[in-house]
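Read through the structure below, which is laid out as structure tokens, and then see the notes.
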Amino acid sequence: PAPEPKRGVIGRLIGRTPPAAPVMRRPLDDAMLEQLEDLLISADMGVDTAARVTANMAEGRFGKRLSTGEIKALMAAEIARIMEPVAKPLPIYAKKPQVVLIVGVNGSGKTTTIGKLAAQFRAAGKSVVIAAGDTFRAAAVEQLQVWGERAGVPVLTAPQGSDPASLAFDAMGKAEADGADLLMIDTAGRLQNRADLMEELAKIVRVIRKKDPDAPHNTVLVLDATTGQNALSQVEIFQKISDVSGLVMTKLDGTARGGVLVALADKFGLPIHAIGVGEQIDDLAPFDPEEFAAALTG
Ligand code: GDP
């Protein structure tokens with residue numbers, strides 16, 4: 001399914017002007033640029049990125065009379081240009097097992113994303129093992145088991161409250177013994193105690209490196225699009241406590257805050273591996289910059 005971030009950023013602006021608006025040509029002047037910038041900010045693009053997009057749009061075109069369609073196309077092109085370098089599916093290595101650590105705050109969609117990714121890799125003929133590393137939340141473990149069943153992938157668990165690092169170590173052993181292509185390790189997302197979480201993640205990494213010095217091969221941060229600008233601070237926090245190598249943005253279906261993805265790309269340049277566009281197993285789409293830009297400005 002096509003991602004559906006907020007539609008009509010430009011449409012809303014033009015919509016305020018009377019009937020013939022769609023074909024009306026308006027000068028790309030300061031007033032117009034300011035209005036466009038405000039709209040981008042209201043779509044959660046952030047002040048800096050919104051300013052950059054509109055400044056780039058104006059370059060060589062300031063004062064020109066442009067149609068709505070031309071303005072939309074210009075804006076979409078600028079957004080796509082920022083997004084293109086970060087549109088990168090999760091890389092698949094020949095190395096077995098490829099270890100992917102999934103990090104993010106509780107509720108961001110980690111469990112769901114692991115289930116969706118597992119299903120996609122299975123469909124691509126890869127064998128997958130999941131480790132339920134958030135050992136403190138019984139509900140999280142149960143949810144992951146449900147997703148594992150849906151995806152047809154084994155989920156390794158440990159007793160509630162036990163050491164996630166030792167589960168991760170066992171999971172490495174199991175994935176190796178099974179000849180699995182991919183091991184995805186869920187992790188806790190309690191940001192209330194950051195030092196604890198940092199220590200927990202560091203210990204998982206230390207322990208799995210005893211089995212493979214290059215692991216984890218990816219650390220994927222799952223972000224919830226509906227948190228808007230908060231996603232930016234979450235990247236900063238998780239970059240401090242783990243080696244974030246890429247992002248998955250969830251809940252882009254029906255949110256008015258998709259612009260935050262542009263701000264993320266502009267500010268951090270981290271790969272966006274996929275986007276969550278619903279609660280079902282197939283609702284994980286590759287990130288398509290042009291489609292995204294068109295939907296955002298549509
Ligand atoms: P976790 O606590 O990070 O593991 O988060 P969960 O995977 O349990 O997800 C939290 C909630 O968000 C659940 O109700 C999911 O169904 C929902 N969710 C996850 N991803 C998406 C998405 O892409 N779109 C929508 N609409 N809901 C999602």
* Asked: Which ones in region 210-254 are in contact with a strand residue (DSSP E or B) (Cβ under 6 Å, 6 or more places away or on another chain) and of a type in the set (Val, Ile, Thr)?
  -> Thr219, Val220, Val222, Val244, Val248, Thr250
* To do: Report, by residue number, each residue of region 159-176 that is of a type in the set (A, V, I, L, M, F, W, C) and either open to solvent by less than 20 Å² (accessible area, probe 1.4 Å) or modelled with pLDDT under 95 (or both).
  => Ala165, Leu167, Ala168, Ala171, Met172, Ala175
* Asked: For region 208-277, list the strands (runs of 3 or more DSSP E) that sit wholly inside it and hold at least 1 residues that are closer than 19 Å to Ala188 by Cβ and among the β-branched types (Val, Ile, Thr); which are they?
  -> 218-224, 246-250
* Structure fact -> By residue number, the members of region 74-94 that are open to solvent by less than 60 Å² (accessible area, probe 1.4 Å) and in a helix (DSSP H, G or I) are Leu74, Met75, Ala76, Ala77, Glu78, Ile79, Ala80, Ile82, Met83, Val86
* So Asp48 clears everything in (1) under 21 Å from Leu223 (Cα atoms); (2) surrounded by 19 or more Cβ atoms within 10 Å (Cβ to Cβ) except one condition, right? Which one? -> (2)
* Selection within region 177-189 - more than 16 Å from the ligand (Cβ to nearest atom) and open to solvent by less than 10 Å² (accessible area, probe 1.4 Å) -> Ala180, Leu182, Leu183
* Looking only at region 256-276, and only at residues there that are surrounded by fewer than 22 Cβ atoms within 10 Å (Cβ to Cβ) and farther than 13 Å from Val222 by Cα, the one that is farthest from the chain's Cα centre (by Cα) -> Ala256
* Could you check how many residues of region 129-148 are open to solvent by less than 10 Å² (accessible area, probe 1.4 Å) and more than 10 Å from the ligand (Cβ to nearest atom)? => 7
* In region 95-119, which residues are surrounded by 19 or more Cβ atoms within 10 Å (Cβ to Cβ), over 20 Å from Leu191 (Cα atoms) and more than 10 Å from the ligand (Cβ to nearest atom)? -> Pro97, Gln98, Val99, Val100, Leu117, Ala118, Ala119
* To do: Go through region 58-73 and give me each residue that's in a helix (DSSP H, G or I) and open to solvent by 20 Å² or more (accessible area, probe 1.4 Å).
  => Gly69, Glu70, Lys72, Ala73
* Structure fact -> Only one of (1) closer than 22 Å to Asp288 by Cβ; (2) among the β-branched types (Val, Ile, Thr); (3) over 20 Å from the mean Cα position of the chain (by Cα) does not apply to Thr112, and that is (3)
* Residues located in region 242-263, provided they are among the aliphatic types (A, V, I, L, M) and away from the ligand (no atom under 16 Å from the Cβ) -> Val262, Ala263
* Determine if region 54-74 includes at least one residue that is under 27 Å from Thr255 (Cβ atoms) and within 23 Å of the chain's Cα centre (by Cα). => no
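The values are calculated or read from the model by the stated rules, or taken from the named source; none is laboratory data. Because the structure is a prediction, the values reported are computed rather than measured. Cβ sites come from the backbone with ideal geometry, for glycine too, and all protein chains shown count toward neighbours. Accessible surface areas use protein heavy atoms only, side chains included; no ligands, DNA or RNA. Shrake-Rupley method; radii C 1.70, N 1.55, O 1.52, S 1.80 Å.
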